[in-house]
Amino acid sequence: MTGSVCYKILKDHLVEGELVPGNEIGIRIDQTLTQDATGTMAYLQFEALGVPRVKTELSVSYVDHNTLQTGFENADDHIYLQTMNSRYGILYSRAGNGICHQVHLERFARPGATLLGSDSHTPTGGGIGMIAIGAGGLDVAVAMGGGPFYLTCPRVIKVNLTGSLRPWVSAKDVILTVLSILTTKGNVGAVVEYGGPGVETLSVPERATITNMGAELGVTTSLFPSDAVTRRFLKAQGREEALKELLPEEAAVYDRVIEIDLSAVVPMIALPHSPDNVKKISEVKGLPIDQVAIGSCTNSSYRDLMTVAAVLRGKKAHPSVGLGVAPGSRQVLEMISRNGALADLISAGARIMESACGFCIGSGFSPKSGGASLRTNNRNFEGRSGTADAKVYLVSPETAALSAVAGALVDPLDRPSAECPRIAEPESFLIDDSMILKPEFEKSEIRRGPNIGGPPVTDPLPDEIRGIVGLKVGDKITTDHIMPAGQRLKYRSNIPEYAKYVFEHTDPGFAARSLKEKEHGIYTAVVGGESYGQGSSREHAAICPMYLGVRLVMVKSFERIHSTNLVNFGILPFVFTNPADYDSIAQGDLFIAPDLHTQIAGGADIVVSIRGEEYRFTLFATDRQRKILLEGGLLNYTRKNF
């Protein structure tokens, strides 16, 4: 991996460990970001650390998730965030200013820096040449306090791009092509680095689309080099001084190289219910659709919406199709309103959504029962749209716009190349940072509404755990399965209330059963298959099960962020030493995990007795994380050692 852009940045920020793939390393974090769904708990945890002021170069708090204010809860959270941020030195991006990843790319991201965000799509920043990583809120809180962020030193996969994209083919089709190759499984501990002559044909927003959806691969992050294209973008944003050229060395070594000729890429689509269920649009064109949603942190840039407006100009959305468009930032919204593109969208029948996450997280604009929704966002997990039986398809803005008019899925390559809009990046973007509030430190009194609790309290790990297998699930369990978003998001700062909805759509009785068992001193275990914990970085998928008494999760394999969150909140992440053992364990089985202190400290396989039979597991944790588990979680460990 020597000589890669990834390793150059890691080397500049290394504070612990050696840059050897597979080793645990600690890196210095320059910037952090949070959003309001994860940020409230992250900041409560930061307060609990007792640090008087953030120690990062820059920390920004965005309001973009819980903007649907149907009660007092979300508004109260926002007042807490604003006042807490002001006290501790954190910039506060108000509701309406835009989606965190889009705004951060526009106004703060800088090549060569490290960014840690409490959102799994933080790797969007890799489009400008950052090491940008999604993590749980507690990891972000520790980084704001000056602590290192720990990760597995990655193997680096190079995607070598040649050629250039044809008309009607876009960056979304590139990342869907990569997903068809690497899938969503088996990429933990890897970083994807894009290189080759084709890179210079892609703008920074196009690159950011690709790195954003790299989160669906399950990799630590994705990134591009920083070059002349990066300079043009930063200059247009009035931030050319942030430029740092970062190019790989000619002799750079990679774990694997994937060749993609951009001129051979065709329009692609992810079918329900996974981002890697990818096909060429030509294979499924003509599919009837009920809804088109254009936006989210993946495809809501100025270029994206100008393209959509050009496609829709003078046309109308099909009568059977509901069309919604959400600009990614206030900058984008104001620019398209000034140049007339917004009028083209409105004239076409588009409903203009708030510059927020909205429909991507199931917060508004949900499809009808059983509806087919064509979307430009990054995830199409079952039920995520807010409609349990909806079918969500992921496509490019070009495909979405054409299909909205046709009333069915269109293959853009069936249209003449001359009709494809050619949108150039502006020489200068509209710059107005007035909705990003600067801290006032001691002048700010922190305000807490009745929905805001404290950070969860965890106990040190007992030496023996007795309990019951409370739930058995299959492969690809996402954090949406564990903790639903949508209308439940307003309880993110109220753990006892939010915990009532753990696995709500998988097993509605799970939360009540587990809490009742906990009251009788009986712990709960969850058994799962491969790629457990896909998707969002939401640490509540660990916090709320912990509150219910879940202390063991036994699976065939974990995704990175979720397994770390489990450790951070004192839940033991066990991987079957023999994957076939999964088949012989049933929901309702009783278990005993004895002598845990010695077993965990020893580093060997962990023996658990289930129904009186011994099963062996590998503890999915580093030596440092084993110490965290013994303390009961990262907050306890940090208070004691940091």
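For every residue, the table says whether it meets (1) in a helix (DSSP H, G or I); (2) free of Cβ contacts under 8 Å to residues at least 40 places away in the same chain; (3) acidic (D, E); (4) closer than 21 Å to V405 by Cβ.
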| site | (1), (2), (3), (4) |
| --- | --- |
| A310 | yes, no, no, yes |
| A317 | no, no, no, yes |
| G324 | no, no, no, yes |
| I346 | yes, yes, no, yes |
| S369 | no, yes, no, no |
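Tell me whether the stretch 566-583 contains one or more residues that are modelled with pLDDT under 95, outside the structural domain of L151 (by TED's automatic domain parsing) and not in a loop (DSSP other than H, G, I, E, B).
Taking every residue of the stretch 566-583 in turn, at least one turns out to be modelled with pLDDT under 95, outside the structural domain of L151 (by TED's automatic domain parsing) and not in a loop (DSSP other than H, G, I, E, B).
From the residues in the stretch 239-263 that are of a type in the set (G, A, S) and in contact with a helix residue (DSSP H, G or I) (Cβ under 9 Å, 6 or more places away or on another chain), which one is nearest to Q31 (Cα to Cα)?
Checking each candidate, the answer is A242.
Can you report the number of residues in the stretch 545-565 which are assigned to a helix (DSSP H, G or I), within 15 Å of T478 (Cα to Cα) and not small (G, A, S)?
Qualifying residue count for the region: 6.
What is the number of the single condition among (1) touching a helix residue (DSSP H, G or I) at 6+ places or on another chain (Cβ under 6 Å); (2) free of Cβ contacts under 8 Å to residues at least 12 places away in the same chain that S444 does not meet?
The single condition S444 does not satisfy is (2).
Here is a check on your reading of the model: is A132 over 30 Å from C420 (Cα atoms), outside the structural domain of D475 (by TED's automatic domain parsing) and at pLDDT 95 or above?
Answer is yes for this residue.
Considering only the stretch 614-622, I want to know if a residue exists there that is part of a helix (DSSP H, G or I), touching a helix residue (DSSP H, G or I) at 6+ places or on another chain (Cβ under 7 Å) and closer than 17 Å to L566 by Cβ.
no
Looking at L305, L287, L323 in this structure, which one is surrounded by fewer than 21 Cβ atoms within 10 Å (Cβ to Cβ) and in contact with a strand residue (DSSP E or B) (Cβ under 8 Å, 6 or more places away or on another chain)?
Criteria check complete, one pass: L287.
Restricting to the stretch 380-429, name every residue that is surrounded by fewer than 16 Cβ atoms within 10 Å (Cβ to Cβ) and either touching a helix residue (DSSP H, G or I) at 6+ places or on another chain (Cβ under 6 Å) or in a loop (DSSP other than H, G, I, E, B) (or both).
Residues satisfying the conditions are A388, D389, R415, P416, R422, A424, P426, E427, S428.
Could we say that E334 is without any contact (Cβ under 8 Å) to a residue 40 or more places away in the chain, among the acidic types (D, E) and assigned to a helix (DSSP H, G or I) here?
no
Find the residue count for the stretch 234-243, including only residues that are surrounded by 15 or more Cβ atoms within 10 Å (Cβ to Cβ) and touching a Lys or Arg at 6+ places or on another chain (Cβ under 9 Å).
Matching residues across the stretch 234-243 total 5.
Checking the structure you have, find out if any residue of the stretch 282-301 is free of Cβ contacts under 8 Å to residues at least 40 places away in the same chain and over 18 Å from L413 (Cα atoms).
no
Is it true that some residue in the stretch 95-116 is closer than 25 Å to G449 by Cβ and surrounded by fewer than 24 Cβ atoms within 10 Å (Cβ to Cβ)?
Yes, there is a match, as at least one residue in the stretch 95-116 is closer than 25 Å to G449 by Cβ and surrounded by fewer than 24 Cβ atoms within 10 Å (Cβ to Cβ).
The values are calculated or read from the model by the stated rules, or taken from the named source; none is laboratory data. None of these values were measured; they are calculated from a predicted model. Note that we place each Cβ from the backbone using ideal geometry, even for glycine, and neighbour counts take in every protein chain shown.
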